[in-house]
Amino acid sequence: QMLSMGRAIMMDPQVLLLDEPSAGLSPALQDEVFINCRRINEAGVSIVMVEQNANRCLQICHRGYVLDQGRNAYTNSGDALLHDPKVVELYLGTLARID
């Protein structure tokens, strides 16, 4: 995963498409992936990411889309989705609540 991201960045993209960048990685490496995604975005590269770890992804994204059976169920800023009681209850689980 890290090698793929590095190779993509070497192409100096305007947009980076990531499909499950944290899949199969240890928790420490998952953190590194999300930290690097934030740095890449701050450097001016837009990122479109599909990620199962919604809680972690929403912590760094500007805009989030929650899909339910292939349809867009919720759209908002990452922070707003993290704090939306309905999103937490249905998709993130009550243990994911950020108070």
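With an 8 Å Cα cut-off and a minimum separation of 6 or more residues, compute the relative contact order for the chain in percent.
Dividing the mean separation by the residue count of the chain yields 20 percent.
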Exercise for the section: Using label points projected 7 Å from each Cα along Cα→Cβ, tell me how many nm separate D19 and R39, to one decimal. Expected result: 2.6 nm
Completion exercise
Candidate cut points under trypsin sites (Lys or Arg not before Pro) in the stretch 1-75, DSSP loop plus at most 12 other Cβ atoms within 10 Å of their own Cβ, are R63
Completion exercise
With -39,500 (n - 2.57) per DSSP H segment of 4 or more residues and division by the full residue count of the chain, the 222 nm estimate, nearest 500 deg cm²/dmol, is -10500 deg cm²/dmol
Problem - FRET efficiency, A73 to M10 (Cβ-Cβ, R0 35 Å, nearest 0.05) - result: 0.45
Exercise for the section: Over the chain, average the accessible area per residue using a 1.4 Å probe and give it in Å², no decimals. Expected result: 69 Å²
Problem - Within the accessible area of the chain (1.4 Å probe), percent carbon and sulfur - result: 51 percent
Completion exercise
Longest principal axis of the chain (C-alpha) makes with the long axis of helix 27-42 (C-alpha) an angle, in degrees to the nearest 10, of 70 degrees
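The values are calculated or read from the model by the stated rules, or taken from the named source; none is laboratory data. Everything quoted here is computed from the prediction, not taken from an experiment. Positions of Cβ are generated from backbone atoms using ideal geometry, with glycine treated the same way; all protein chains shown enter the neighbour counts. These accessible areas exclude ligands, DNA and RNA; they are computed on the full protein's heavy atoms, side chains included. Shrake-Rupley method; radii C 1.70, N 1.55, O 1.52, S 1.80 Å.
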